[in-house]
Amino acid sequence: MSQVLAAARAAIDRGLAVFPLPIGGRVPERGWQLQATLLPERLPELLAGRGVGIGCRASGAVALDLDVHGDEDGPGVLAALADRLGETVPETFTVATPSGGRHLYFRAPMGCTIGSTSGGRTPLGPGIDVRGPGHRSGGYLVGPGSIVGGRPYVIVRDVPVAPLPDWIGARLQSPPR
């Protein structure tokens, strides 16, 4: 449990709002959006015997879930896109997933309505799922410290959350409703 709390505190220190997930699970209970917090003093009670979720809307964050399974190579697709555009992927708070993928967290610009997309439907390319603040409740990710299928989500780059690069944001921004 101390690893879960330490990872949740590291996320909060980076401005990422956490909420509880069922132990070993990826799907939160209804109302998780109202539980998302940036208050470290709430963690022992909130996460007792639980996993950690990161709420994108409460965090003001956009996260890229770079998958690496089957023939998907999210990190390679993102690197190739950046190279093609003459851009670089900035260093940002990053969590390794049990499957070998990565969650890259970025600070969303004010008024950002980037929604959540997955399954090859993102404009960034195959193997890249997006979780964003959206128009209403926003998306979420399994957070660092959680264990799913006996394997942990681990912080691999404990640096500040970088601003969302314009070249990524421009491809993801939803039109106003």
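Quick look at the values:
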read-out	value
Inter-probe distance in nm under a simple model that places probes 7 Å from Cα toward Cβ, at R9 and L34	2.9 nm
Between 0 and 90°, nearest 10: helix 74-85 axis offset from the chain longest Cα axis	40 degrees
Per residue accessible area in Å² of the chain, where ligands, DNA and RNA are left out and the probe is 1.4 Å	49 Å²
When the stretch 70-156 is reduced to its Cα atoms, the Kirkwood hydrodynamic radius in Å	14.2 Å
Candidate residues R107, R151: accessible-area rank, largest first, probe 1.4 Å	R151, R107
Residue-count net charge about L78 - beta-carbon cut-off 12 Å; Lys, Arg +1, Asp, Glu -1	-4
Surface share of carbon and sulfur [accessible, 1.4 angstrom probe, percent] for the chain	53 percent
Nearest-0.05 FRET efficiency for E41 and A79, computed from C-beta distance (R0 30 Å)	0.15
E91/H69 FRET efficiency (R0 25 Å; Cβ-Cβ; nearest 0.05)	0.55
Environment charge at V62 (Cβ cut-off 13 Å; Lys +1, Arg +1, Asp -1, Glu -1)	+1
Normalised contact order of the chain, rounded percent, pairs of Cα under 8 Å and 6 or more residues apart	27 percent
Rounded to whole Å, sorted largest first: equivalent-ellipsoid semi-axes of the stretch 25-117, Cα gyration tensor	28, 17, 12
Ellipticity estimate at 222 nm from DSSP helix runs (n ≥ 4, -39,500 (n - 2.57)) divided over the chain, nearest 500	-6000 deg cm²/dmol
The stretch 98-126 residues near the modelled V159 label - backbone nitrogen below 20 Å, point 7 Å along Cα→Cβ	101-109
Sequence of H103, H69 when ordered by accessible area, the most exposed leading, probe 1.4 angstrom	H69, H103
Residue-span extension gain [R136 to S2] - 0.36 nm each, minus C-alpha spacing	45.0 nm
C-alpha long axis of helix 2-13 to longest principal axis of the chain, angle in °	50 degrees
Charge tally in the Cβ shell below 15 Å around G125, where Lys, Arg are +1 and Asp, Glu are -1, G125 excluded	-4
Listed residues L5, L34 arranged by accessible area, highest first, probe 1.4 Å	L34, L5
Per-residue SASA entry for W32, accessible area with 1.4 Å probe, Å² rounded to 10	30 Å²
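The values are calculated or read from the model by the stated rules, or taken from the named source; none is laboratory data. Because the structure is a prediction, the values reported are computed rather than measured. All Cβ positions, even for glycine, are placed from backbone atoms using ideal geometry, and neighbour counts span all protein chains on display. SASA here: full protein model, heavy atoms, side chains in, ligands and nucleic acids out. Shrake-Rupley method; radii C 1.70, N 1.55, O 1.52, S 1.80 Å.
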